[in-house]
Amino acid sequence: MRTPTTGKPMSLFRSSYAASAMLVGVGCGSEPDASVDRATAGPAVTVVDSVLLDENDRFYLGNPFSLVVDTADGSFLISDFFENRILRYERAGKLRQFYGRPGGGPGEFRSISTAFVLGDSVVVGAGNRRNLLQLFSRHDGAYVGEQPYSGRPGTGGVSVVDRGVVFPTRDLANGTMAAVWRYPEPAIDYVVPLPAPYQRSLEGLGRFAAFQSFGSVVAWSDTLLSGMSGLNEIYLSTLDGVLLDTLLLPNTARRGVPPNVQEVFDDLQSFSSMTEMFEAASSMYGLYRMSDGSTVVLHHDSTMDGELPAGNITSEVYLSIIAPDRTRACVDAPVPYSNAMRPVHTVARDTLFLVDRRLNEAEDDLLTWIRAYRIDTTGCTWFDLD
C-alpha cells in the first residue's frame, strides 16, 4: 500500500451510431492492494471556460476520437470517426476549416483515429485501416504527404520532442506499444515491449488484448512514460524503449484493476453482457505533460446503457498527477462534465480540455461543448510510488 505524505446539435440516432462505431475498452486503474484511504485529497479540477461548438446539417461531430488544442491560436482540432476528417474550430466555437475527407485516396480517411499538430505548418491525422499518417497544410488544409506506420494508434497523447514525434501505437508485429517517428525523416522506431498480460492474451483467446487495445504515451527529451488501457502499470523508459522503472498509481475513487484482469477477460464465462465488461475495471486514456515536468493521467470508469450496436457508452473521468521526480502522485480527482456521451480530452498549457456533449431534450439533440479546467495541486495528498 502506498503511504500518504502531506503537503450543430447532433440527433440521438447519431449518438447511437457513435457508440457502435467505436468499441472503447476499459481496464486501467490500480490493483486492490494499491487502494488507499478514500478521504484523501486529489487535485482540484475546476471549469474555467466553456465553448459551444458550431455544428450544422453538413458538418457535425458524430463520434470524436481525439481533441487537439493548437497553441498557436487557441483553436480546437477534433478528429471525428463518423465524419472521417479533422475539424478545426475557432476558440469561440465557429467551424473554420477541415482536413481530409472520407475515402481511400490521398488525403482521405477510413476509420480516422488520432490527430496532432507538427510545428506551425502541418496537421497530421492517422487512419487505422490504411495505417497512414496523412499530412495537411495547417493553413489551407491541402494534402501534403503521408507516412506509413504499423499498429493501432492509441487515444492518449502525442509528444513532439527533439528526436521526433512520439505517439502510442499497439503494434502486434513488433510486440510494442509506442513509436518514435524521426520526423522529417521517414524512419519510425517501435519501442517499449507490450506488457506480459497482453502477450499472454494474444497467445490465447485474445479478448483482453482486443477489448483493451488503446495505449497512452508522453515523452520528454530523454525518457517517455507509456501504458496500455487495460493495466494500471505505467512504464518509464528511454526513447529507445529500454525500461527503467514501473509506476503503480494508487486508487482512492476510481474502480481500479483486478490483479488477474487478463485472465478474467479471456475467460468466456466471466461476463454475461457487454455492460459487465465495461464495468469490470478502470481504463487509462491519457498521459500528458505539464510545464513543470509533472504528468497528468486520466482514467475512465465506463459503463454502457443497452447493448451494442445501439448502446451508449458513458464514463466517469478521474485525473491524477505524477510529480516531476516520478516518486509521488496525487490521484483520482473527478472531472465534472455532463457524462451524456463518451468524452475525449487533452492537456495544453497546463489546462485540461474535454469534449462534452450534452442532451438538449427540447430538440432531442446533443450540443457539443469544449470545457476548459484549471488543475490545482495545492491541497493534494501525495502518495509514494516506490
Test for Gly241: is it of a type outside the set (Phe, Trp, Tyr), within 17 Å of Tyr285 (Cβ to Cβ) and not in a strand (DSSP E or B)
no
I'm told Asp267 meets every condition in (1) surrounded by 15 or more Cβ atoms within 10 Å (Cβ to Cβ); (2) at pLDDT 95 or above except one. Can you identify the failing condition by its number?
(1)
Look through Asp189, Asp162, Asp245, Asp222 and report the one residue that is more than 26 Å from Val344 (Cβ to Cβ), surrounded by 15 or more Cβ atoms within 10 Å (Cβ to Cβ) and not β-branched (Val, Ile, Thr).
Asp189
Going by what's in this entry, would Ser320 be described as of a type in the set (S, T, N, Q), closer than 23 Å to Thr351 by Cβ and either out of contact with any strand residue (DSSP E or B) (no Cβ under 8 Å at 6 or more places or on another chain) or not in a loop (DSSP other than H, G, I, E, B) (or both)?
yes
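Which of the residues belonging to the range 340-383 are in a loop (DSSP other than H, G, I, E, B) and either under 26 Å from Pro324 (Cα atoms) or among the hydroxyl-bearing types (Ser, Thr, Tyr) (or both)? Before you say what the answer is, go through the steps one by one.
Of the range 340-383, the ones in a loop (DSSP other than H, G, I, E, B) are 340-343, 349-350, 361-364, 377-381.
Scanning the range 340-383 gives Arg349, Asp350, Thr377, Thr378, Gly379, Cys380, Thr381.
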Name the one entry in Asp292, Asp301 that is farther than 23 Å from Val160 by Cβ and not aliphatic (A, V, I, L, M).
Asp301
Looking only at strands (runs of 3 or more DSSP E) that fall completely inside the range 116-157, which ones have 2 or more residues that are surrounded by fewer than 17 Cβ atoms within 10 Å (Cβ to Cβ)?
143-148
Please identify the pairs in which a residue from the range 359-386 that is under 30 Å from Asn251 (Cα atoms) has its Cβ atom under 6 Å from the Cβ atom of a residue that is among the charged types (D, E, K, R) and surrounded by fewer than 18 Cβ atoms within 10 Å (Cβ to Cβ), counting only partners at least 6 apart or on another chain.
Ala372/Asp49
I need every pair where a residue in the range 189-211 that is closer than 30 Å to Asp222 by Cα has its Cβ under 7 Å from the Cβ of a residue that is surrounded by fewer than 18 Cβ atoms within 10 Å (Cβ to Cβ) and of a type in the set (Ser, Thr, Tyr), sequence separation at least 6 or different chains.
Tyr190/Ser150
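The values are calculated or read from the model by the stated rules, or taken from the named source; none is laboratory data. The shown structure was predicted, so the numbers you read here are calculated from the model rather than taken from an experiment. Neighbour counts run over all protein chains shown; Cβ positions are idealised from the backbone, glycine included.
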